[in-house]
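K.L.:
Dropping the structure in here first, questions after.
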Amino acid sequence: MDRLPSCPESPNCVSTEADPSDARHHAAPLDLRGDPAQARERLKRIVLAMPRARLVEESGDHLHFTFTSRLFRFVDDVDFLVDAETGTIRFRSASRVGYGDLGANRKRMEALRARWEAEEER
């Protein structure tokens, strides 16, 4: 997998693949510093420490997780691509159903970014 799926028009998706002019969907990738394999393992550890996260698939540089909401049991899909060429980790976080998500996908990815960056500072 070289590219993540596009976000739908609905506001329940955030992706590094979205056009930067699309403020609703676009997010900056995570910085990849050091060994890509170690970064992938670190990413897995950080994501799996988040509430209701489950690793569904791991294939090379691609990781696919699901997050299940506590109240209504909605499932969100989160994909990551560890891109050694660009020195980034690209991602897409999207709700499977519905139109809006009250910003849940963006908040999740911002929380993940904060944890990622905090670990880099150590």
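We did not get these values from a lab; they are worked out from the coordinates using the rules stated. Everything numeric here is computed off the predicted structure, so don't read it as measured data. Here the Cβ positions follow ideal geometry from the backbone for every residue, glycine too, while neighbour counts run over all protein chains shown.
K.L.:
As an exercise, use a Förster radius of 22 Å and the Cβ-Cβ distance of Thr66 and Arg33 to find the FRET efficiency, rounded to the nearest 0.05.
P.N.:
The calculated FRET efficiency here is 0.20.
K.L.:
In the chain, with Lys and Arg counted as +1 and Asp and Glu as -1 at Cβ, which of these residues, Ala49, His62, Ile89, has the Cα nearest the positive end of the dipole, that is, farthest along it?
P.N.:
The residue sitting most towards the positive pole is Ala49.
K.L.:
Can you figure out the FRET efficiency of Glu58 with Ala23, using R₀ = 25 Å and their beta-carbon distance, to the nearest 0.05?
P.N.:
On the way: r = 31 Å, r/R0 = 1.25.
Once rounded, the FRET efficiency stands at 0.20.
K.L.:
Please report, in debye to the nearest 20, how large the charge dipole of region 13-121 is about its Cα centre when each Lys and Arg carries +1 at its beta carbon and each Asp and Glu carries -1 there.
P.N.:
Dipole size: approximately 700 debye.
K.L.:
Under the Kirkwood approximation for Rh and a Cα-based Rg, what ratio Rg/Rh is obtained for the chain?
P.N.:
We get a ratio of 0.94 for the chain.
K.L.:
Size of region 58-98 along its principal axes in angstrom, Cα-based, largest extent first?
P.N.:
Largest first, region 58-98 extends 39, 17, 14 Å along its Cα principal axes.
K.L.:
Using the alpha-carbon atoms, what tilt in degrees (0 to 90, nearest 10) does helix 36-48 show relative to the longest principal axis of the chain?
P.N.:
The answer is roughly 40 degrees.
K.L.:
Rounded to the nearest 0.05, what FRET efficiency do Ala118 and Glu41 have when you use their Cβ-Cβ distance and R0 = 22 Å?
P.N.:
0.85
K.L.:
Could you tell me the relative contact order of the chain? Use alpha-carbon pairs under 8 Å, at least six residues apart, and round to a whole percent.
P.N.:
About 28 percent, as a whole number.
K.L.:
Take Val75 and Thr88, extend 7 Å from each Cα along the Cα→Cβ direction, and tell me the distance between the two endpoints in nm.
P.N.:
The two pseudo-label positions are separated by 2.9 nm.
K.L.:
Hey, in the GNM for the chain with a 10 angstrom Cα cutoff, which one of Arg54, Arg70, Arg24 fluctuates hardest?
P.N.:
Arg70
K.L.:
In whole Å, what is the distance between the alpha-carbon centres of region 88-116 and region 1-25?
P.N.:
Here the two parts' Cα centres lie 11 Å apart.
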